[in-house]
Each structure stands twice: as structure tokens, then as C-alpha cells.
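Everything on this sheet refers to the single structure shown next.
The values are calculated or read from the model by the stated rules, or taken from the named source; none is laboratory data. What you see is a predicted model, and the numbers here were worked out from it, not measured in a lab. Cβ sites come from the backbone with ideal geometry, for glycine too, and all protein chains shown count toward neighbours. Ligands, DNA and RNA are stripped out before the accessible areas are found, and what is left, the full protein with its side chains, is counted by its heavy atoms. Shrake-Rupley method; radii C 1.70, N 1.55, O 1.52, S 1.80 Å.
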Amino acid sequence: MSTGTTPDGRAFPPPRAGERATLESWLDFHRATLELKCAGLDDAQLRLAPVPPSSMTLLGLVQHLAEIERNWFQRVFAGLRVPPVYEEGGPDAFTLSPDRGIEEALAAWRAEVARSREITAAALLEDTGIPPAPESAYLGEEGVSLRWILVHLIEEYARHNGHADLIRECLDGTTGA
């Protein structure tokens with residue numbers, strides 16, 4: 001099924017696809033949006049938190065979403081015991097390292113995205129993973145479906161891309177999807 005592209009080159013989700021293709025294409029669209037928000041900025045700009053009182057940065061968002069990918073697809077869905085992507089990043093991976101720039105962070109994030117796709121490629125939307133505590137306390141011990149995880153990740157990326165919009169606009173005036 002062919003789709004169009006946005007003026008900035010991102011593949012737009014097909015408007016009449018099946019459920020799985022719709023969910024995956026919207027997640028991929030938001031993944032591409034995150035990368036777009038970081039494009040063309042220097043290291044200092046990517047580390048700047050221009051929306052007080054928040055300390056959120058574009059580099060921190062990339063790190064955070066790499067950790068989110070690992071958590072939901074590897075730990076929850078696949079049940080793997082894997083360490084954090086960034087040991088020093090705190091539980092949400094927002095803490096920046098002076099030695100890690102955007103290329104390294106994007107490479108780690110892309111690797112997590114690739115692993116997420118690999119883990120879910122043969123899975124059904126109804127297949128479930130069991131969240132560890134504390135998530136199981138409010139999600140239940142029966143687990144969450146891949147469908148639920150995909151919807152949650154779309155929501156997570158969309159919310160953080162909204163943050164990225166505000167940060168980017170403060171940095172250089174760039175606005176838009």
C-alpha cells in the first residue's frame with residue numbers, strides 16, 4: 001500500500017490500511033518526527049532546556065525514547081531482562097553525558113527501534129507481555145497486548161514530539177509537524 005510523504009519527507013500513514021499497518025505506520029511517523037526535530041541543530045542547542053522550569057532537552061528526549069522502546073518491547077512484551085540503555089540517565093534516561101552527542105544517542109535509539117521491530121515482527125496484536133512492578137500494579141498481572149503497547153508508544157511519542165516542537169521553536173523558531 002503506497003502512502004504519500006509530508007513536505008519534509010516523512011512517510012505519511014496510509015488512510016485506509018488494516019489495523020496493524022495503521023498502528024505501525026503511525027508509530028513510525030512519530031519516530032521520524034522525533035528525528036526531524038533534532039535535525040540541523042548543533043550539540044549546544046540539543047543540550048539546551050529553553051522552556052523553564054523544565055530541564056527537558058532534545059538530546060534527553062532521544063535518550064528517553066530509546067529507553068521507552070527498550071522497556072515496552074524488550075522488557076514488557078518479550079520478557080527480557082535487559083539493563084537500561086543509559087546507566088547514568090536515571091530511570092527516564094533524561095540525564096545527559098558530556099561525552100555523548102546526538103549521533104551516538106540517535107544510533108542507540110535506532111538500534112532500540114530496530115530491536116522493537118524485530119521482536120514484534122511475527123507477533124499478533126493480541127499477544128501479551130507482562131509488565132514488571134510497578135506497572136503491573138495498575139495494568140494488571142494478566143499483561144498488556146501488543147496492540148495496547150503500540151497505541152501507548154504512539155501516545156508517548158506524540159506527547160514528547162509536542163515537547164520537542166516547543167523546544168525547537170525556542171531554539172531557532174522552527175515550527176510545524
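3J(HN,Hα) couplings calculated from phi for the range 138-149 with the Karplus curve 6.51 cos²θ - 1.76 cosθ + 1.60 (θ = phi - 60°) are, in sequence order, 10, 9, x, 7, 6, x, 10, 7, 4, 4, 4, 5 Hz; Gly and Pro show x.
So what is the relative contact order for the chain, in percent, with contacts set as C-alpha pairs under 8 Å and at least six apart? Please report the intermediate quantities before stating the final value.
Numbers: 207 pairs, mean separation 45.0, N = 177.
Relative contact order, the chain: 25 percent.
On average, how much area does the Cα convex hull of the range 78-137 cover when viewed from any direction, in nm²?
Numbers: hull surface 21.0 nm².
One quarter of the hull surface, i.e. the mean projection, equals 5.2 nm².
Applied to the range 30-42, the Karplus parametrisation 6.51 cos²θ - 1.76 cosθ + 1.60 on θ = phi - 60° returns per-residue 3J(HN,Hα) values of 6, 4, 5, 5, 4, 5, 4, 5, 8, 5, x, 9, 8 Hz, with x for Gly and Pro. What does the C-alpha gyration tensor say about the overall shape of the range 1-97? Classify as rounded when a/c is under 1.5, otherwise prolate if a/b is larger than b/c, or oblate. Oblate shape, in that a/c is at least 1.5 and b/c is the bigger or equal ratio. For the chain, the per residue solvent-accessible surface stands at 51 Å², with DNA, RNA and ligands left out and a 1.4 Å probe. Summing charges over neighbours of Gly101, with a neighbour being any other residue whose Cβ is under 10 Å away from its Cβ, gives -3 when K and R count +1 and D and E count -1.
Over the chain, the pair-distance histogram of Cα-Cα distances with 5 Å bins from zero comes to 1, 8, 16, 20, 20, 16, 11, 7, 2, 0 percent, rounded to whole numbers. Using the rule -39500 (n - 2.57) for each DSSP H run of four or more residues, divided by the residues of the chain, the 222 nm mean residue ellipticity is -16000 deg cm²/dmol. What a 1.4 Å probe finds exposed on the range 82-177 is 57% carbon and sulfur by accessible area, rounded to a whole percent.
With K and R counted +1 and D and E -1, the other residues having a Cβ less than 15 Å from that of Gly176 yield a net charge of -2. For the range 30-73, a Kirkwood hydrodynamic radius built from all Cα pairs, placed in the Stokes-Einstein relation at 4 °C and 1.567 mPa s, yields a translational diffusion coefficient of 115 µm²/s. Let me check I've understood the local charge: for Leu58, count other residues with C-beta under 10 angstrom from its C-beta, Lys and Arg +1, Asp and Glu -1. What total comes out? Neighbourhood net charge equals +3.
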